[in-house]
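Heads up: the structure comes next, in structure tokens.
No value in this document is a laboratory result; all are computed from the given coordinates. Since this is a predicted model, take the numbers as computed values, not measurements. So basically every Cβ, Gly included, is an ideal-geometry build from the backbone, and we count neighbours across all protein chains shown.
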Amino acid sequence: MESIISFSALAAGIMIGLGALGAGVGIGILGSKFLEGLARQPELAGVLTPRMFLMLGLTDAVPIIAIAFAAFLMFANPFVVQYEATDHAAKVSEVDPG
């Protein structure tokens, strides 16, 4: 059971880390392209700004979802519940084989 908990903690860390890394890279590219578009056509600032913030919010949702899945793995891990159920069933069958 300790290996399930330790692998779940490792998976949670990888999910949060890669989600944050991907969002950071995506937001960096988004910001650079936004500034590049404003430098080329400054009169489109009113059109580009709301779209940039929309995409910023959608990109920022990825690490938030990763944090939610990581919290689910750490606090309500279905693998631990399944392990405890099979362990309990194995103990019952050892005591009462009939």
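Let's see how each residue does on (1) in contact with a Gly (Cβ under 9 Å, 6 or more places away or on another chain); (2) without any contact (Cβ under 8 Å) to a residue 12 or more places away in the chain:
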| position | (1), (2) |
| --- | --- |
| LEU30 | no, no |
| PHE34 | no, no |
| ALA39 | no, yes |
| LEU48 | yes, no |
| MET52 | yes, no |
| VAL62 | yes, no |
| ILE67 | yes, no |
| MET74 | no, no |
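Given the criteria exposed (fewer than 14 other Cβ atoms within 10 Å of the Cβ), within 13 Å of the chain's Cα centre (by Cα) and at negative phi, does LEU54 qualify? Before you say what the answer is, go through the steps one by one.
Values: exposed (fewer than 14 other Cβ atoms within 10 Å of the Cβ): yes; within 13 Å of the chain's Cα centre (by Cα): no; at negative phi: yes.
When the stated conditions are applied, LEU54 does not pass them.
Scan the stretch 1-31 for residues that are in a helix (DSSP H, G or I), closer than 30 Å to ASP87 by Cβ and not β-branched (Val, Ile, Thr) and jot them down.
Pass one, the stretch 1-31, residues in a helix (DSSP H, G or I): 2-31.
Of the ones still in play, those that are also closer than 30 Å to ASP87 by Cβ are 2-16.
Scanning the stretch 1-31 gives GLU2, SER3, SER6, PHE7, SER8, ALA9, LEU10, ALA11, ALA12, GLY13, MET15.
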